[in-house]
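Below: one structure, written as structure tokens.
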There are 2 protein chains.
Amino acid sequence: MMAETRDRIIVATNELFRRQGYNGTSLSQISEAANATIGSIYHFFPGGKEALGVAVIETTGEMFRELFESIANEAPGPAEAYVAFFAGAGTVLAESGYIDPCPIGTIAREVANVSEPLRVAASNAFASWISAATRHLTNAGIPTEQAEQLAHVFVATVEGTFVLSRTQRSTAPLESAGRCVSRLVTLAIDETQRTPTP
Amino acid sequence: MMAETRDRIIVATNELFRRQGYNGTSLSQISEAANATIGSIYHFFPGGKEALGVAVIETTGEMFRELFESIANEAPGPAEAYVAFFAGAGTVLAESGYIDPCPIGTIAREVANVSEPLRVAASNAFASWISAATRHLTNAGIPTEQAEQLAHVFVATVEGTFVLSRTQRSTAPLESAGRCVSRLVTLAIDETQRTPTP
């Protein structure tokens, strides 16, 4: 029951941050949306909105990493995983009426120069996605350094296409990104296979 | 003198939005930073903060489009333009202590579901960058549809690497992005040259 209230607060906050950003969301809106008193919010998050922001970033970070890994596992090949990931994001975005699929990028930009705990939480979330994609790409035979670069570009492109797609109310940027990232992955694999092992 | 005050208000607002986002910035902070009274802000922007946000998006949108075109003109080749653009962004970011180089992406995510005038202004700014890059790529011989896709990915990657680089306090994501976008452009040009014209 306690865990239930805590989860309800995180879920409600997550959605409010996705709709209207971190600074645009007040504790009283969170209280109303989560059907929890302000006192109860402070009980679970003594650090108030900032601590709640860290919790939202951590749970979302974990959720997206698991989503990526599960899509990657089910895809017929390494390059196809990226097409599938962006296609899935497009479906979620369109179905939700173009609410931000991810609260992390918005919070990160709002607070990167203002709140060190939130910046660090966002940085850790992105780093966990980059590690997951790097692992996926090295498993496909791509050398580590190149895999890391591609993983950075993948994560940056996810965050960037969320901005473009929401602003333009179109899933086209996500589809283009899926094709382009997938293309870069295919090329990197082809090159690796052409390079003779020493 | 009038134009000077208006410009001063826009410049100060731009920097506040880049540091702390749209919702995190109050009219009284803008008034102080711009050394202009609240009355003077309403004189130039009768619509208040939202109208000022639209003006900041429009001027920044124009500025980045011109910056891209000037970098593209000076680059030794089409693919090199993208490496140079991301390298320049990295320099600006590091020199400014990782303040956001662009207020548009943050505002876009904060307000895309809340303020239609701000969403439309951001959408127009992104569309003008996409058009500029599409022109640049079609001039390099890439077919229009493919050029448009690459241009979308370029703009998304710019916005996405700003998030990553700021959050991680590192210019590495920008450098990886420069190399990857440049690579995609080179490949598209190579393909075009291999395809016999009908």
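Please treat every number below as a calculation from the coordinates, not as lab data. Owing to the predicted nature of the structure, the values given are computational and were not obtained by experimental measurement. Here the Cβ is made from the backbone with ideal geometry for all residues, glycine too, and neighbour counts use every protein chain on show.
Values computed for the structure shown
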| read-out | value |
| --- | --- |
| Enumeration of residues in the range A:92-116 that are without any contact (Cβ under 8 Å) to a residue 24 or more places away in the chain, part of a helix (DSSP H, G or I) and more than 7 Å from chain B (Cβ to nearest Cβ) | A:V92, A:E95, A:E116 |
| Among residues of the range B:42-94, those that are within 18 Å of the chain's Cα centre (by Cα), among the acidic types (D, E) and within 29 Å of B:S115 (Cα to Cα), counted | 3 |
| Those residues of the range A:98-118 which are more than 12 Å from the chain's Cα centre (by Cα), closer than 14 Å to A:F162 by Cβ and not hydroxyl-bearing (S, T, Y), in sequence order | A:I99, A:R109 |
| Qualifying residue in the range B:101-118 (condition: farther than 30 Å from A:G97 by Cα and not aliphatic (A, V, I, L, M)) | no |
| For B:N23: the one exception among (1) within 14 Å of another protein chain (Cβ to nearest Cβ); (2) in contact (Cβ under 8 Å) with a residue 24 or more places away in the chain; (3) assigned to a helix (DSSP H, G or I) | (3) |
| Some residue of the range B:123-134 being assigned to a helix (DSSP H, G or I), closer than 17 Å to B:L67 by Cα and over 14 Å from the mean Cα position of the chain (by Cα) | yes |
| Residue, surrounded by the most Cβ atoms within 10 Å (Cβ to Cβ), within the range B:171-183, restricted to residues that are touching a Phe, Trp or Tyr at 6+ places or on another chain (Cβ under 7 Å) and facing another protein chain (nearest Cβ under 9 Å) | B:A177 |
| Subset tally (residues that are farther than 22 Å from A:F126 by Cα and either facing chain B (nearest Cβ under 9 Å) or of a type in the set (S, T, Y) (or both)) for the range A:184-198 | 5 |
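Results for (1) more than 29 Å from A:E191 (Cβ to Cβ); (2) buried (at least 23 other Cβ atoms within 10 Å of the Cβ); (3) facing another protein chain (nearest Cβ under 9 Å), shown as yes or no for each residue.
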{"site": "A:L118", "(1), (2), (3)": "yes, yes, no"}
{"site": "A:S123", "(1), (2), (3)": "yes, no, yes"}
{"site": "A:S131", "(1), (2), (3)": "no, no, no"}
{"site": "A:Q146", "(1), (2), (3)": "no, no, no"}
{"site": "A:T157", "(1), (2), (3)": "no, yes, yes"}
{"site": "A:R169", "(1), (2), (3)": "yes, no, yes"}
